[in-house]
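First the structure, in the form of C-alpha cells, and then the observations on it.
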Amino acid sequence: MTIIQQLKSKFMDKRILLMVTAVAATLFSCGNKTERQAPKDSTNVVENVINKELTVFGMCGEASAMNTLQLITDSGDTLSLSVNEAKENNNVFGGYGIGDRMAVLLNDDKTEAKQVINETTLLGNWTMPDPFDGSSIVGMALKDGGIAESIDMANIVYKAWRITNGRLELTLMREGGSEEDEIEVYDIKKLDADSLVFGNDEDIFEYCRQK
C-alpha cells in the first residue's frame, strides 16, 4: 500500500469514527430528554383560600335554648352550639328563634358559635334620615333570596345582599357613575327588632326598621 493510500485509509477511519460518535451523542441526548412541565399556577389556589366561605348557614332548631343554638345546616347536619363566647363578645346579632334563618361562624371543632347573625331579623325595610340634609327618609329593603332594593334614594340602587364570612355584603350601582356594580362589605355592629347598625373603617350607618 502506497503512502497516499495509507493516508486516505486513515482519513476515512477518522470520518467513520466521527460519524459514529455524533450518532451516539444524538441518541443519548434523545434518550435522556425529559418533558418540562409548565409551573403550576398557584393563583387559583391562593384565591380559593382567601375567598373561602367560613360562614355556616342553616335554620334554628327546636332544641335551641338560652345558651345553646341548635343549627340544622343547609348540608343536613345538626349542630349543638354553645353561644356563650358569642354573647360575651357581643357577637349575637338579631337573637334566634325556632325556624329562623341563621348565619354562624364556628370554632374549629364546631362546638361553639363565635358569631351569630339572624338573617330572618335582617330582612325588612331599613331607613334613616337623608345623610346629606335630613329632609327626607332614605334606606334599603333587604328581601328573602338575597334581593336588595333602594328606598327613595336618588343616586344609589341596591341590587343584592348576603352574609359572607360574618360580614354584610351589599351589591349596588351608583347612578351617573360607571354603570358597573360595586360591592361594599360592612361589619354588623347592632341588629335587633328595630335597629340595624353596620360600618367599616370609614363610615357607620344607623337604620331603623320601617313600620
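See the values below:
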quantity: Flag if ILE183 is touching a residue at least 12 places away in the same chain (Cβ under 8 Å), farther than 28 Å from LEU71 by Cα and in a strand (DSSP E or B); calculated: yes
quantity: Hey, PHE28 modelled with pLDDT of 95 or more and not assigned by TED's automatic domain parsing to the domain that holds ILE188 or not; calculated: no
quantity: Single condition GLY99 does not satisfy, out of (1) closer than 22 Å to GLY199 by Cα; (2) in a loop (DSSP other than H, G, I, E, B); (3) not basic (Lys, Arg); calculated: (1)
quantity: One residue from ILE137, ILE98, ILE72 being in the same structural domain as ILE183 (by TED's automatic domain parsing), of a type in the set (Val, Ile, Thr) and touching a Ser or Thr at 6+ places or on another chain (Cβ under 9 Å); calculated: ILE137
quantity: Any hit, region 155-166, residues being in a loop (DSSP other than H, G, I, E, B) and farther than 20 Å from PHE57 by Cα; calculated: yes
quantity: Output for region 119-136, where each listed residue is assigned to a loop (DSSP other than H, G, I, E, B) and among the hydroxyl-bearing types (Ser, Thr, Tyr); calculated: SER135, SER136
quantity: Which listed residue is closer than 19 Å to ASP74 by Cβ, polar (S, T, N, Q) and surrounded by 18 or more Cβ atoms within 10 Å (Cβ to Cβ), from ASN118, ASN165; calculated: ASN118
quantity: Enumeration of residues in region 44-91 that are modelled with pLDDT under 95 and either closer than 13 Å to LYS110 by Cβ or in a loop (DSSP other than H, G, I, E, B) (or both); calculated: ASN51, LYS52, GLU53, LEU54
quantity: Residues satisfying the stated conditions in region 137-149, i.e. in contact (Cβ under 8 Å) with a residue 12 or more places away in the chain and part of a strand (DSSP E or B); calculated: ILE137, VAL138, GLY139, MET140, ALA141, LEU142, LYS143, ILE147, ALA148
quantity: Cβ-Cβ under 7 Å pairs, at least 6 apart or on other chains, region 72-83 side touching a residue at least 40 places away in the same chain (Cβ under 8 Å), far side loosely packed, with under 11 Cβ neighbours inside 10 Å and assigned to a strand (DSSP E or B); calculated: none
quantity: Residue check for SER9: small (Gly, Ala, Ser), surrounded by 10 or more Cβ atoms within 10 Å (Cβ to Cβ) and at pLDDT below 95; calculated: yes
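The values are calculated or read from the model by the stated rules, or taken from the named source; none is laboratory data. Predicted, not measured: the structure shown is a model, and the values here were computed from it. Cβ coordinates were reconstructed from backbone atoms using ideal geometry, including for glycine residues, and neighbour counts include every protein chain displayed.
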